[in-house]
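Contents: one structure, followed by commentary.
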């Protein structure tokens, strides 16, 4: 009996030694960065304008000094700030251009997520990641300018617009006519 167990154990060891690692699996198995809630609990008290200003500074540095290697820490910090943008209500629900403020903030978050995901890939395309970093920097700068202008009115609801179209057009709120 003990010889059978020793043989089975030897066979398992040989099999394990022959197994090759899959680099794609290893890349997916890498632990994700810690959630923003663990890294930055003090960010709750920082006003939205200050978070966006800090993000813009980090993005300016990233564009000027690079986003790979040590520069990845700038992008992680941007991602940390982006994750916390919606924790404090924005100063007004609508921007002057009729865009919902929360939606614009979510777009900034999404782009920060994408950049960090790009940088975590083994085959990172630095040109694409840098172009996205510039896009995020520009989006943050535009959002800061829009917030500085103050809020605006909500756009006219689609239902109101459709109700104003004559029923004969076939796209108004009434039933289409033949």
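The values are calculated or read from the model by the stated rules, or taken from the named source; none is laboratory data. Everything numeric here is computed off the predicted structure, so don't read it as measured data. All Cβ positions, even for glycine, are placed from backbone atoms using ideal geometry, and neighbour counts span all protein chains on display.
Here are a few things to note about the model shown:
- In segment 89-98, the residues that are at negative phi and either assigned to a helix (DSSP H, G or I) or touching a residue at least 24 places away in the same chain (Cβ under 8 Å) (or both): 90, 91, 92, 93, 94, 95, 96, 97
- Hits in segment 113-127 (condition: touching a residue at least 40 places away in the same chain (Cβ under 8 Å) and either assigned to a helix (DSSP H, G or I) or more than 27 Å from residue 70 (Cα to Cα) (or both)): 115, 116, 119, 120, 126
- Candidate set from segment 95-107 (those that are surrounded by 14 or more Cβ atoms within 10 Å (Cβ to Cβ) and touching a helix residue (DSSP H, G or I) at 6+ places or on another chain (Cβ under 6 Å)); member that is farthest from residue 151 (Cα to Cα): 104
- The residue that is surrounded by the fewest Cβ atoms within 10 Å (Cβ to Cβ), counting only those in segment 119-134 that are modelled with pLDDT under 95 and under 17 Å from residue 80 (Cα atoms), is 120.
- When residues in segment 49-71 are screened for being assigned to a helix (DSSP H, G or I), touching a helix residue (DSSP H, G or I) at 6+ places or on another chain (Cβ under 7 Å) and farther than 23 Å from residue 106 by Cβ, 3 of them pass.
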